[in-house]
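Inspection log for the structure reproduced underneath, given as structure tokens.
No lab work stands behind these numbers, since they all come straight from the coordinates. For clarity, every value in this text was computed on a predicted model and none was experimentally measured. Here the Cβ positions follow ideal geometry from the backbone for every residue, glycine too, while neighbour counts run over all protein chains shown.
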């Protein structure tokens, strides 16, 4: 009961914190007294509402204070994250952090467990359309997996037949009512006891295609570093789905770029495709219900909406070392409609908040708390910016170009274009137009607010599965990096 109560207060705590921070900034700016004799410009909105606005650049000391505050906060989060990571890597406490690099290296010193072998689990619920391309991307790897197992969960289509025709193994879940996490738990309970110390287990979605070289890179990394416990993939969006698909592809390109700049330090071991040492998964199952949430013996916490995010936090809490190499890329399914995108992102947001509530405030979750605070502050900042600029534009009788604001806008536009350069000319053109992507960001911000409200009110969350539809050109769509 206490844990559930804390989970409900997560949204309230984040909302109060970000609103307080925004109010403080507003107070600082409002406290700046205008020069003697200066009066703000007056406009009439819709002929009935008198609006006062100031289109001048803010005073230099206000701008410097804002920049200094932003840099201080960013540096503080980065230093805190680095300190926590270093502490975990240096830990020798086998009870608190059994997966810490020094603990793992000490336990495996002097032993050669043989070459790395790869077993792939593909959880699938009615995935007859997307599954063939997923399996093909595995079998065409430069380092082919030793085993591919499709975990068929309550399928009512021909998923099982498609998998068997492709020449891979099938394991059907039995009386599973706990979605993807429950099906994977059943499969892992059968698989993990058979796995040696130098085997690895990959879990990938049935709507994902690996780019060639993924497994080869991962095997080399696991071979060279005995302390490495998991490798996550960097995901890019599939082609198609018009403007909505382009929004999502740009978003994923920016995320992958950020991970590369972090030298592979992982935010989330994505469910699209991640690889684990069996020892890591066994240790998670062993510690469920004691040092980490969940049912004892389960690898995945079936109470979590976002099982990949929860497993990442679980592994980090146990001291595990994990990375996302830039060569390990995948192409994943995009949401085809605004309603399915809303459902997906609301599940992600609710899942992230519930995971924070389940784990509380720990050194390993501090980065995730900071991320939620940052998103919340961004919601207020972007919403205020779009609202105030709209009011000013509607109030102006004559359009005036201000060099200061044009300069800031140009810098922001350049950043948006550069960060999606890899996506091609369409991605760059969309970023250059600026405001469509800002409106897409506002859509995601509304999802964030909805997630905060729902968890604060204790509303029940839903796990919604999107059944893929056959493309018009029946599986001829190419794999893009």
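The table below gives the values:
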{"read-out": "Solvent-free Debye scattering, log10 I(q)/I(0), computed from the Cα coordinates of segment 91-335 at q = 0.08, 0.09 Å⁻¹", "value": "-0.29, -0.36"}
{"read-out": "Cα-based shape type of segment 133-261, given that a ≥ b ≥ c are square roots of the gyration tensor eigenvalues and the cut on a/c is 1.5", "value": "oblate"}
{"read-out": "Relative packing of 180-192, 378-390, which averages over residues the other C-beta atoms within 10 Å, highest first", "value": "180-192, 378-390"}
{"read-out": "Pairwise centroid distance, computed over Cα atoms, of segment 165-206 with segment 321-374, Å", "value": "23"}
{"read-out": "Protection proxy ranking, peptides 201-208, 413-420, average beta carbon neighbours within 10 Å, highest first", "value": "201-208, 413-420"}
{"read-out": "Relative exposure of 212, 224, 199, judged by other C-beta atoms within 10 Å (fewest first)", "value": "224, 212, 199"}
